[in-house]
1. Which whole-number percent gives the relative contact order of the stretch 66-195, counting Cα pairs below 8 Å spaced six or more residues apart?
2. Which pairs, out of 143/266; 230/266; 143/230, put more than 20 Å between their alpha-carbon atoms?
3. Quick one: what does P(r) look like for the stretch 77-151 with 10 Å bins over all Cα pairs, in whole %?
4. With every protein chain left in place, what is the accessible area of residue 182 in Å² (1.4 Å probe, nearest 10)?
5. Using just the C-alpha positions of the stretch 97-226 as equal point scatterers, what log10 of I(q)/I(0) does the Debye formula give at each q in 0.12, 0.14 1/Å?
6. Cβ neighbours within 10 Å, averaged per peptide: list 63-72, 231-240 in order, most packed at the top.
7. Mind ranking 230, 266, 143 by accessible surface for me, highest first, 1.4 Å probe?
8. Listed highest first by mean packing, meaning other Cβ atoms within 10 Å per residue, what order do 173-180, 25-32 come in?
Amino acid sequence: MAGAGAAVIPSTLVSAQTAEPGTGPYGDLATEPDENGLLLPEGFTSRIIAIGGETVAGTGYAWHAFPDGAATFPTDDGGWIYACNSEVTLPFAPDQGGVSAIRFDADGEVVDAYRILEGSTSNCAGGPTPWGTWMSCEEPVDKHGRLWECDPTGEKEAVAHEAMGLWNREAAAVDPEAEVVYMTEDDPAGLLYRYTPTDYPDLSAGTVEAAVVADDGTVTWAEVPDPSGKPKQTKNQVPEATTFNGGEGIWYDQGSIYFTSKGDDKVHHIDLGSMRYEVIWDADAVADGVEGAVLSGVDNITVDHGTGDLFVAEDGGNMEVVLISSDGVVAPFARVAEDPTGSEITGPCLSPDRTRLYFSSQRGPSPKMLKEVIPGCTFDSRNAGITYEITGPFRAAADEPEAATTTIAKASSSGTDSSDSSDGSEDQSTSAPVVIGGIALVAAAGAGAPLALRRRNQSS
């Protein structure tokens with residue numbers, strides 16, 4: 001429902017939908033679940049990498065409850081780091097919430113797990129930055145959620161960027177060309193926001209604007225007068241802004257952003273070059289709102305940068321990760337065969353080499369109930385969550401674009417300063433610092449060059 005004076009999504013744009021149900025590039029799902037309870041296409045296999053309240057295999061770290069938004073970050077040893085939010089609300093659970101990370105070696109084996117953000121609340125989705133940090137977004141009860149910038153290695157302390165605005169946050173995506181951040185709002189009358197940093201890529205100061213979509217799909221932007229949202233919420237400060245019914249995941253890829261709204265089961269697209277908006281999936285228009293039909297309960301989203309395929313998580317529906325292929329076919333890619341009451345699929349993301357897909361069932365099916373993970377919890381019927389990894393024959397990249405994600409250097413055993421490049425490249429000495437919480441991280445000037453970060457040895 002739109003707020004007073006707010007513009008809703010122009011109904012004429014529903015006809016712009018380009019995606020239709022069909023047989024996806026990976027074929028049909030198996031008819032019988034695998035050993036982990038998943039239905040997958042032929043040739044794909046799964047493993048469980050983390051369970052809420054249980055120690056991550058090969059580490060001493062207990063995985064958080066309610067896993068949500070996630071992303072991966074390449075490391076210079078050929079491995080990667082998987083960062084994942086916990087949608088546990090504080091102060092109910094003072095030792096939960098925040099963000100955890102799992103580190104993998106070049107063979108995909110788990111070598112470490114640890115926390116990279118604590119003291120935050122209801123961390124839903126977020127987004128990776130091109131300079132190798134994770135933006136974690138809060139969705140608190142008071143609707144004044146912060147965006148936290150986190151170091152996936154855990155070496156640098158996370159910092160909240162309140163200048164980016166306070167609202168019922170869901171996700172964020174960086175456009176490295178225009179040097180701005182796009183952000184969604186999980187509210188029936190939520191807006192789509194754009195943040196322009198004063199000194200990109202430093203996110204500590206800048207301007208917040210809201211999207212205004214015209215009947216012909218043209219997108220313009222109007223400044224939010226007071227991003228703090230106090231006393232007037234940000235969604236009510238720009239009367240001409242377009243409302244999106246329950247904004248969820250958002251992802252940037254090659255000059256476009258893709259985002260979802262769960263209240264009306266839509267997937268949206270904006271071509272940032274022309275600033276033109278369209279709806280590319282509308283579940284009600286295709287399936288007359290039938291529960292579980294192909295793609296419903298749309299939530300988190302990610303893009304396979306090699307093929308342009310979208311992977312969309314379902315909150316509700318029939319507990320699937322659904323693929324919208326680059327040629328416009330909508331088809332299930334993975335399904336949790338037994339749907340625990342009240343769960344949802346969260347955080348789909350690919351490994352940097354595109355050989356693995358990660359996602360979670362946020363409230364199950366884990367062997368431990370939430371009350372066993374969080375002291376004082378009384379929710380007997382809620383499982384603590386489980387995180388999966390899918391491996392298989394993902395499609396080859398068409399024309400592999402330049403790497404948009406910065407490589408994170410492996411932990412240094414010599415204790416050298418973090419400004420020392422692990423590869424000794426000349427670019428490292430001339431690059432500008434990225435500031436997180438007042439601590440400079442040295443980022444290379446070239447795309448895909450290493451970001452020299454160190455993380456303490458968790459076993460010591």
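1. 17 percent
2. Result: 143/266; 230/266 exceed 20 Å.
3. 21, 47, 25, 7, 0
4. Its heavy atoms expose roughly 0 Å² to the probe.
5. -0.49, -0.64
6. Descending packing order for the listed peptides: 63-72, 231-240.
7. From most exposed to least exposed: 230, 143, 266.
8. Averaged packing, sorted descending, gives the order 173-180, 25-32.
The values are calculated or read from the model by the stated rules, or taken from the named source; none is laboratory data. Fair warning: this is a prediction, and the values are worked out from it, not measured in the lab. Using ideal geometry, Cβ is built from the backbone for each residue, glycine included, and neighbour counts are taken over all protein chains shown. Heavy atoms of the whole protein, side chains included, go into the accessibility calculation; ligands, DNA and RNA do not. Shrake-Rupley method; radii C 1.70, N 1.55, O 1.52, S 1.80 Å.
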